[in-house]
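The values are calculated or read from the model by the stated rules, or taken from the named source; none is laboratory data. Only a predicted model underlies this, so the values are computations on that prediction, with no experimental measurement involved. Note that each Cβ is placed from the backbone with ideal geometry, even for glycine, and that neighbours are counted across all protein chains shown.
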């Protein structure tokens, strides 16, 4: 299977943009990169992931047949407008963000002739920056294609890059990703915050922290700008989960006074987690 696009522009050469550039570079595709940081552009060129790059969309090829939007979610509405005004009508424009509400609303407001597409590759890292893109492997990971914002060609593209392709309704995406990705990040942050509140010395911390805490709290190391972006864009769903969390904390607090209740509470959770 070959990639159905030959001239691709990637806007945003961070962790994910770099990973896509890397994956595409092994195929018969011309990839141009756009990033405000000249360092990121030069990094991708030195790696051979892109043939050239620039700091501005206006300097990218007008004849691109696919533009991948890999920047921060909050920047996408303005970037979409800029890209639509720059490329030809036959170009497809696809975002890969982890929150869809704002992006799809921007799509609806733009009266463009280009094909506007959306997906969410379920792969990432607590690290940020193109220098960590080498650590990402798309093989066997899921890429969620947003219903009504995907085509056979975009599905073929993701399959060729190693993804398992699935489809999800836009109305369910943000709800489900909040509980499976965004909320766990915040829970990890709270776990780290609980330890921070103890004001322990570095020596004490090193003596009491085990693999359990490190694995549970690992994603709290994710870039703060990513956390703020994600929480701001998906705050409605996150607030609903916080309401439910308060109820669960109340149930746990009550169960602490009864071994039977506590056993039932923890047993139910353990069986659910073991089933995953």
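Can you find, within the stretch 140-156, the residue that is farthest from residue 19 (Cα to Cα) among those that are out of contact with any strand residue (DSSP E or B) (no Cβ under 7 Å at 6 or more places or on another chain) and outside any loop (DSSP other than H, G, I, E, B)?
The residue in question is 152.
With respect to the numbered conditions (1) in contact with a strand residue (DSSP E or B) (Cβ under 7 Å, 6 or more places away or on another chain); (2) within 23 Å of residue 226 (Cα to Cα); (3) surrounded by fewer than 16 Cβ atoms within 10 Å (Cβ to Cβ), which one is the sole condition not fulfilled by residue 79?
The failed condition is (3).
Of all residues in the stretch 157-176 being more than 16 Å from residue 95 (Cα to Cα) and part of a helix (DSSP H, G or I), which is modelled with the lowest pLDDT?
171
Suppose the filter is at pLDDT 95 or above, farther than 24 Å from residue 140 by Cβ and surrounded by 17 or more Cβ atoms within 10 Å (Cβ to Cβ); does residue 186 pass it? Walk me through how you get there before you give the answer.
Working: at pLDDT 95 or above: yes; farther than 24 Å from residue 140 by Cβ: yes; surrounded by 17 or more Cβ atoms within 10 Å (Cβ to Cβ): yes.
Judged against the criteria, residue 186 is a match.
Tally up the residues in the stretch 252-268 that are assigned to a helix (DSSP H, G or I) and either touching a strand residue (DSSP E or B) at 6+ places or on another chain (Cβ under 9 Å) or surrounded by 11 or more Cβ atoms within 10 Å (Cβ to Cβ) (or both), please. Please lay out each step first, then the result.
Quick first cut of the stretch 252-268, residues assigned to a helix (DSSP H, G or I) only: 252-255, 259-268.
Filter again for either touching a strand residue (DSSP E or B) at 6+ places or on another chain (Cβ under 9 Å) or surrounded by 11 or more Cβ atoms within 10 Å (Cβ to Cβ) (or both), leaving 252, 254-255, 261-266.
The number of residues fulfilling the criteria is 9.
Residue 53 - would you say it is farther than 21 Å from residue 143 by Cα and over 21 Å from the mean Cα position of the chain (by Cα)?
yes
State yes or no: is residue 238 loosely packed, with under 13 Cβ neighbours inside 10 Å, at pLDDT 95 or above, in a helix (DSSP H, G or I) and assigned by TED's automatic domain parsing to the domain that holds residue 178? Quick ask: steps written out before the conclusion?
Details: loosely packed, with under 13 Cβ neighbours inside 10 Å: no; at pLDDT 95 or above: yes; in a helix (DSSP H, G or I): yes; assigned by TED's automatic domain parsing to the domain that holds residue 178: yes.
It is false that residue 238 is loosely packed, with under 13 Cβ neighbours inside 10 Å, at pLDDT 95 or above, in a helix (DSSP H, G or I) and assigned by TED's automatic domain parsing to the domain that holds residue 178.
May I ask you to list the residues in the stretch 31-57 that are surrounded by fewer than 16 Cβ atoms within 10 Å (Cβ to Cβ) and part of a strand (DSSP E or B)?
Listed by number, the list holds a single entry, 52.
Going by what's in this entry, would residue 20 be described as surrounded by 15 or more Cβ atoms within 10 Å (Cβ to Cβ), assigned to a helix (DSSP H, G or I), in contact with a helix residue (DSSP H, G or I) (Cβ under 7 Å, 6 or more places away or on another chain) and not assigned by TED's automatic domain parsing to the domain that holds residue 231?
no
Out of the stretch 81-96, which residues are under 22 Å from the mean Cα position of the chain (by Cα) and outside any helix (DSSP H, G or I)?
Answer for the stretch 81-96, where residues must be under 22 Å from the mean Cα position of the chain (by Cα) and outside any helix (DSSP H, G or I): 92, 93, 94, 95, 96.
Identify all residues within the stretch 161-176 that are surrounded by 15 or more Cβ atoms within 10 Å (Cβ to Cβ), in contact with a strand residue (DSSP E or B) (Cβ under 7 Å, 6 or more places away or on another chain) and in contact (Cβ under 8 Å) with a residue 24 or more places away in the chain; write none if there are none.
163, 168, 170, 173
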